[in-house]
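Student: Dropping the structure in here first, questions after.
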Amino acid sequence: VGLMETAPKPGGDVPPKKNRVQSKRKKPRRYWEEEETSPTAARASPGPSRSKKRKQELRRRRTKNTHIQKKSRISKKPQVPKKSRERRNPVPQRTLSGAQDPFPGPVPVPVEAALKFRRIDKSKKLLHSKSKTQKRLEVAEAEEEETSVRAARSELVLAEEPGFLEGDDGEDTAKICQADIVEAVDIASAAKHFDLNLRQFGPYRLSYSRTGRHLAFGGRRGHVAALDWVTKKLMCEINVMESVRDIRFLHSEALLAVAQNRWLHIYDNQGIELHCIRRCDRITRLEFLPFHFLLATASETGFLTYLDVSVGKIVTALNARAGRLDVMTQNPYNAVIHLGHSNGTVSLWSPAVKEPLAKILCHRGGVRAVTVDSTGTYMATSGLDHQLKIFDLRGTFQPLGARTLPQGAGHLAFSQRGLLAAGMGDVVNIWAGQGKGSPPSLEQPYLTHRLSGHVHGLQFCPFEDVLGVGHNGGITSMLVPGAAEPNFDGLENNPYRSRKQRQEWEVKALLEKVPAELICLDPRALAEVDVVTLEQAKKERIERLGYDPEAKGPFQPKPKQKGRSSTASLVKRKKKVMDKEHRDKVRQSLEQQQHDQEKTKPTGTRPSALDRFVR
Amino acid sequence: YFSVASFNSLLALRQQELVDLPKDYLLSTSDDEGDSDGERKHQKLLEAISSLDGKNRRKLAERSEPSLKVSEFNISSEGTREKLVLSDLLQPTKTSSSLATVKKQLSRVKSKKTVELPLNKEEVARIHREVAFSKTSQVLSKWDPIVLKNRKAEQLVFPLEKEQAAFAPIEHVLSGWKARTPLEQEIFDVLHKNKQPVTDPLLTPVEKASLKAMSLEEAKMRRAELQRARALQSYYEAKARREKKIKSKKYHKVVKKGKAKKAVKDFETLQKVDPSAALEELEKIEKARMMERMSLKHQNSGKWAKSKAIMAKYDLEARQAIQEQLAKNKELTQKLQAASESEEEEGDVEENGLLVPDVVHKVHMNANELNPWMQRSCTSDAKEAEIQKDPEQLPEPVAHQDSESEGEESPVEEEETLLKEFEERRSLRKRPELNQDAEPAGHQEAQDASSQEVLSELRALSWKLNQENHQSRKQKGNSTRAVLPVQREEPAQEEEEPLLLQRPERVQTLEELEELGKEGCLQNTELPRPVLQGQETERNPDDQPGAPKKRKRKEQMIDLQKLLTTKSPSVKSLAAPTTMEMEDEEERDQKQMIKEAFAGDDVIRDFLKEKREAVEASKPKDVDLTLPGWGEWGGVGLQPSAKKRRRFLIKAPEGPPRKDKNLPNVIINEKRNIHAAAHQVHVLPYPFTHHHQFERTIQTPIGSTWNTQRAFQKLTTPKVVTKPGHIIKPIKAEDVGYRSSSRSDLSMVQRNPKQLSVRHRKQLKEPCR
């Protein structure tokens, strides 16, 4: 109909109205306006096509913006939240300068990119809520959406891409040796592969600092050293004249915890002994929880001790009741400590609870090594039964994959991007997953490397594609393309930070220290309401008052008009509601009964009538 | 019986009275004795009557004054049937003027009422208070929206800023500015020479006008107008609805005819008076025809038409009606001659002239700038425009396409379309028949029908194609189903063995348990998989409904033994560790076998035991309140009776199921972490009624670690911001756009209560009266 109406009338000789209006509204030409506004924005050329024909490709690609931008352009439906305030209207606005925005409106963000940052689980249905509550919920959801969109948009800044290693068709990447890789990569990366020949002081344990810049290692025969391994600048080198069992950096590279034969010692980066903690004796393994400032120590005596390094106090000492503890790792996702025991179980510990949070039976023999990936999703264990297993830690604790190794793995380590390294004798195997977030597939190793001695310590370097291996013959720094996260958070772990920045960061981190008692299996539990206490308080209140102040009153029918509010109809409506409630109640009770019956139903053969004569 | 007796006595009395009456009548005035006699009789009668009513039979005899008698001592109005009035007493035999004043006084006294007591102070004060309160609250209620707005506001900045009065154009701000540098001067020289606007280059008068707000009067007038229009519309709508409700067919027929007649008449008059307007009218009619052509009404799709079509077989009238309908349809849908067509085309061209350049221009711009977002929207616009223009020329194909695409979308829709097509076909088949019957079967009609049939045939074909696709998909599904049993085959085997995991209390000793476990293990290992698969698939190839259940059960029962004893494929590492001595393989195998056989069982048994203990420990305990020896014999070796024990045993409520119920290899601690709970929220804040609601609002972290800088700033903006060094004055009515300040209103009310509304005054007065 609208079409018909707008069609110009054939009979009329008057010019159409619309035209007139247009001519009237035609704006005067301004002196600054040219004939045509030429677009000034230079458009980004599409990113170079990937060439993956090369035999071995290992590089950190610095493709600024192109990748993600391209993605955002491709995205089918640019979901732009409507409610945000700062958004300009998409109509090109007239600016004072007269220039037009060639790309009006906000940049669309791909849905799946924003989805990654969503936190509210909308699949959970809520009860019907009041309008006021509804409004609050809507505000919360809008906020979440906006923040997620912002986060997705800022992903553009993460310009670095992880490295990778690809063989030719049918070529096994495991056959590529370190020398080949070193040959293929740039000089800076090649310099990251090195061997330290330290045959004198026995097998080495090692630890990288959180920024991935510093390396500390301790030999069993007392050799302790710390160095900036990128520049190979030695910070300190001492001999503690005692056997060293484990070594670990504390929150920064300035402090170093060394588990010695008798006690736990703490040194600074000059090699000066700062503390000797005698309450932690005969320590075998050390773990540092960076956000809680806790040093977790596992001892030969079977105690798991948490030491708060910010105040220097022992938080708790938990007795694991499982004999000597020498297998320990932390879950970086929720700061839970995993202990491996000789009876094949792995127990999960929190300083707030005296008993293990969970106990998982993993192997038929004792557990030799445990490690957890950075997202807290997978746990890899190896046992005396020569098996390597990967467990799902998201509630079910079931094995996802298993593999029998010829000579079980003694040491395990997960990289930031989910690569799994296992040290078996003098060989290191590395397995990779299909993609990010998937467990490493144990079918084919991604890389293998043979060392000059038996493996004694394994750790992936954060933010560098490097695996540090401590062994009988010293330290080896391996190149493992695609192991580490390419983008670091400059405010959190900045490898290039200055001393001043480190001090600033230290203060900030101390201010944001998480209390030790908050460690539990689900770190998001803090965002939940303590229902037990809530219910208890409610019950007590009802008891105190003698009635339930929040109880729903009896149904009162709403008054209606046009004679529908007669007494009879009111009563009828009331009755209807009452009946419905009654029916619901009956139905519920029936269901309950049925449920109970099913439960109590005898599972064996039905008792026969003749059973009563059985003597 | 009693009532009958009393009735008889009554009758007797009556007779006596009747007999006595004339006598009485005669004697009544003079004779005292006779009178007293009559009185007694009357009394008797009354008694008899009252005895009729069973309740208070025995009433005390009442003395009454004689009636119908004038005495000088007493006044009686009996018999006169009039009430005695006070003035009657004063009435003398002849009127005297002296009594008039007394009368007047009397009347005045009578008219005056007593004055009610005045209300006491407190009550008056209370009423005043009430009135003042209601008035004040009314006055204050106008602040409600502002208060609400401020409460809802995300952020309040104090001192509150006024609403932006007006947008000051930059030229006004810069009016004092003068060109100083030579370059500026030069520029301005050029501008002046070319008579370009210098001071006010940006705003056209129209924009300026729009910047200025509409004046109040205008706004009011406009509002009134709008209100009026709305009211009129609603009246009209109501009327139309009323008329529509009328069910009389005759009425509608009459109305319709009247309308048609009127239209014809109007048209004729118009033709005479204003031919051009008449032409327009004609066009309108034409338009209606076109609409008809487009929408294809007057076919056989209406409710009426369908019913008639059904009846047509039997009813001649219905047949005729359908004929008429079809004829009308044909008449309406017939395409007009070339002249009108060319006209239409012209119109189209003009339209294109109007619409197209814009679009083209846009697209062109896009092509220049290569803006992907703009481009997409533009092209879609263009498409829309096309679609909008299209239906005139080819409405049929578009619809067809639509239906096709719909058909592709979902099988349900497909079915629907199929049904529709069948119906269409049927009706098509029917129509020719009808035409044959009624003779005026037009050649064109038949052609139309045939073309339509072709169309429907096409549709059917496309539908079939879809169907085939669908089937192939189904087959795929079947194949997947065939694959599924591979995963399904285990449960059947495992159904017996995991019982030990489900009911640990039934298995008494560890040995038994172990054996059971071993059996399960053996079974598992003995039966090779592929064979099983085949069997399973053969047995129930299409037993799918049962499958999910089974799988569910399988999920529940994961066997511990199996978990740990599964043979995982061993790795053939490229670089085997060198230190591994090259033992005899057999020896090594033996070693391993021994190790696995002995070490593993221990581990599993211990773990199961531990788990059972943990489960037992976490179970709520029953309370046993039996006191041995009460009510029966007590002593060593005597147990209280089972009945008694049952009676005094308080069963603990069953807790929620354990998290590790179905996870045999896991013990999850069910204890609450009270230290962490101390950090949790345990009181629901105000508007929330359920903890899920509140949880949803605190899911998003607000720290800078998890958010971008801007988002962090926005999430943590303070609710109230005060500018340092500024005086925060109380809010005024002018600030928020009200005319008079509420303050003055309030004070006025308090000062002179005459301002009170009528209702309030009434309220005040009523109790005083």
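Student: Out of the range A:117-134, which residues are more than 7 Å from chain B (Cβ to nearest Cβ) and surrounded by 10 or more Cβ atoms within 10 Å (Cβ to Cβ)?
Tutor: Result: A:Phe117, A:Arg118, A:Lys122, A:Gln134.
Student: I'd like the full set of residues that are part of a helix (DSSP H, G or I) and of a type outside the set (Lys, Arg), limited to the range B:113-134.
Tutor: B:Glu122, B:Glu123, B:Val124, B:Ala125, B:Ile127, B:His128, B:Glu130, B:Val131, B:Ala132, B:Phe133, B:Ser134
Student: Can we say B:Glu268 is within 14 Å of chain A (Cβ to nearest Cβ), modelled with pLDDT of 80 or more and more than 44 Å from the chain's Cα centre (by Cα)?
Tutor: No; evaluated as a whole, the condition is false for this residue.
Student: When you go through A:Gly437, A:Gly468 one by one, which is the residue that is closer than 23 Å to A:His223 by Cα and not assigned by the TED database to the domain that holds A:Met328?
Tutor: Just one listed residue meets the conditions, A:Gly468.
Student: Still on this structure: Where in the range A:312-358 are the strands (runs of 3 or more DSSP E), entirely inside, with at least 1 residues that are open to solvent by 10 Å² or more (accessible area, probe 1.4 Å) and within 14 Å of chain B (Cβ to nearest Cβ)?
Tutor: Per the criteria, A:313-319.
Student: On to the next question. Got at least one residue in the range A:549-564 being at pLDDT 90 or above and away from every other protein chain (no Cβ under 14 Å)?
Tutor: No.
Student: Would you please name the residue that is nearest to the other protein chains (Cβ to nearest Cβ), looking only at residues in the range A:167-183 that are of a type in the set (Val, Ile, Thr) and assigned to a helix (DSSP H, G or I)?
Tutor: Among those that are of a type in the set (Val, Ile, Thr) and assigned to a helix (DSSP H, G or I), it is A:Thr173.
Student: Here's another thing I want to ask about it. Exactly one of (1) open to solvent by 40 Å² or more (accessible area, probe 1.4 Å); (2) more than 30 Å from A:Asp246 (Cα to Cα); (3) under 28 Å from the mean Cα position of the chain (by Cα) is unmet by A:Asp168. Its number?
Tutor: Tallying (1) open to solvent by 40 Å² or more (accessible area, probe 1.4 Å); (2) more than 30 Å from A:Asp246 (Cα to Cα); (3) under 28 Å from the mean Cα position of the chain (by Cα), A:Asp168 fails exactly one: (3).
Student: Here's something else I'd like to know. Of everything in the range B:623-656, what is open to solvent by less than 80 Å² (accessible area, probe 1.4 Å) and closer than 26 Å to B:Arg672 by Cα? Give them in sequence order.
Tutor: B:Val623, B:Ala652, B:Gly655
Student: Pick from B:Lys723, B:Lys719, B:Lys671, B:Lys661: which is more than 9 Å from chain A (Cβ to nearest Cβ) and farther than 30 Å from B:Lys149 by Cα?
Tutor: B:Lys661
Student: Turning to a different aspect of this structure: What number goes with the only condition from (1) part of a loop (DSSP other than H, G, I, E, B); (2) among the acidic types (Asp, Glu); (3) modelled with pLDDT of 90 or more that B:Glu163 does not pass?
Tutor: (3) is the only condition that B:Glu163 fails.
Student: In addition: I'd like to check something: does the range A:386-396 contain any residue that is touching a residue at least 12 places away in the same chain (Cβ under 8 Å), open to solvent by 10 Å² or more (accessible area, probe 1.4 Å) and over 21 Å from the mean Cα position of the chain (by Cα)?
Tutor: yes
Student: To continue, here is another question. Here's a check for you: in the range B:41-58, which residue that is part of a helix (DSSP H, G or I), open to solvent by less than 80 Å² (accessible area, probe 1.4 Å) and not aliphatic (A, V, I, L, M) is modelled with the lowest pLDDT?
Tutor: B:Ser51
Student: In this structure, does A:Gly376 turn out to be at positive phi and either touching a residue at least 12 places away in the same chain (Cβ under 8 Å) or open to solvent by less than 30 Å² (accessible area, probe 1.4 Å) (or both)?
Tutor: Here the answer is yes, as A:Gly376 does meet what is asked.
Student: Specify which of the listed residues (A:Leu295, A:Leu286) is crowded, with 21+ Cβ neighbours inside 10 Å, under 28 Å from B:Ala677 (Cβ atoms) and more than 14 Å from chain B (Cβ to nearest Cβ).
Tutor: Only one candidate qualifies: A:Leu295.
Student: Could you tell me how many of the residues in the range B:103-133 are exposed (fewer than 11 other Cβ atoms within 10 Å of the Cβ) and under 30 Å from B:Leu86 (Cβ atoms)?
Tutor: Qualifying residue count for the region: 12.
Student: Quick one: which residue in A:Val480, A:Val466, A:Val455 is within 14 Å of chain B (Cβ to nearest Cβ) and crowded, with 23+ Cβ neighbours inside 10 Å?
Tutor: A:Val455
Student: Within the range B:178-222, restricting attention to residues that are modelled with pLDDT under 65 and acidic (Asp, Glu), which residue is surrounded by the fewest Cβ atoms within 10 Å (Cβ to Cβ)?
Tutor: Here the answer is B:Glu207.
Student: Another question, if that's okay. So which residues in the range A:492-524 are over 15 Å from B:Ser704 (Cα atoms), of a type in the set (D, E, K, R) and out of contact with any Pro (no Cβ under 9 Å at 6 or more places or on another chain)?
Tutor: A:Arg497, A:Arg499, A:Lys500, A:Arg502, A:Glu504, A:Glu506, A:Asp522, A:Arg524
Student: Would you confirm, using the coordinates I've provided, whether A:Leu234 is more than 22 Å from A:Ser415 (Cα to Cα) and modelled with pLDDT of 95 or more?
Tutor: yes
Student: Which ones in the range B:631-663 are in a loop (DSSP other than H, G, I, E, B) and over 51 Å from the mean Cα position of the chain (by Cα)?
Tutor: Selection gives B:Gly631, B:Glu632, B:Trp633, B:Gly634, B:Gly635, B:Val636, B:Gly637, B:Leu638, B:Gln639, B:Pro640, B:Ser641.
Student: Kindly evaluate B:Arg319 against the criterion of being within 14 Å of chain A (Cβ to nearest Cβ) and among the basic types (Lys, Arg).
Tutor: No: the conditions fail for B:Arg319.
Student: What number of residues within the range B:700-714 satisfy the criterion of being facing chain A (nearest Cβ under 7 Å) and crowded, with 17+ Cβ neighbours inside 10 Å?
Tutor: Qualifying residue count, the range B:700-714: 4.
Student: Kindly provide the set of residues from the range A:270-280 that are open to solvent by 60 Å² or more (accessible area, probe 1.4 Å) and under 22 Å from A:Ala352 (Cα atoms), ordered by number.
Tutor: A:Arg279, the sole residue that qualifies.
Student: For residues that are open to solvent by 20 Å² or more (accessible area, probe 1.4 Å) and under 30 Å from B:Ala153 (Cβ atoms), scanning just the range A:147-165, find the one that is farthest from the other protein chains (Cβ to nearest Cβ).
Tutor: Residue satisfying both the conditions and the ranking: A:Arg153.
Student: Can you tell me which of (1) at pLDDT 90 or above; (2) within 19 Å of A:Arg136 (Cα to Cα); (3) exposed (fewer than 11 other Cβ atoms within 10 Å of the Cβ) is the one B:Tyr686 doesn't meet?
Tutor: Single failed check for B:Tyr686: (1).
Student: Working carefully through the options A:Ala317, A:Ala380, find the one that is modelled with pLDDT of 95 or more and more than 26 Å from the chain's Cα centre (by Cα).
Tutor: Just one listed residue meets the conditions, A:Ala317.
Student: A:Arg368: within 7 Å of another protein chain (Cβ to nearest Cβ), in contact (Cβ under 8 Å) with a residue 24 or more places away in the chain and of a type in the set (D, E, K, R), yes or no?
Tutor: Criteria not met by A:Arg368.
The values are calculated or read from the model by the stated rules, or taken from the named source; none is laboratory data. What you are looking at is a predicted structure, and each value in this text was computed from that prediction instead of being measured. Every residue, glycine as well, gets a Cβ built from its backbone with ideal geometry; the counts of neighbours run over all protein chains shown. Side chains are part of the model used for accessible areas, which takes the heavy atoms of the whole protein and leaves out ligands, DNA and RNA. Shrake-Rupley method; radii C 1.70, N 1.55, O 1.52, S 1.80 Å.
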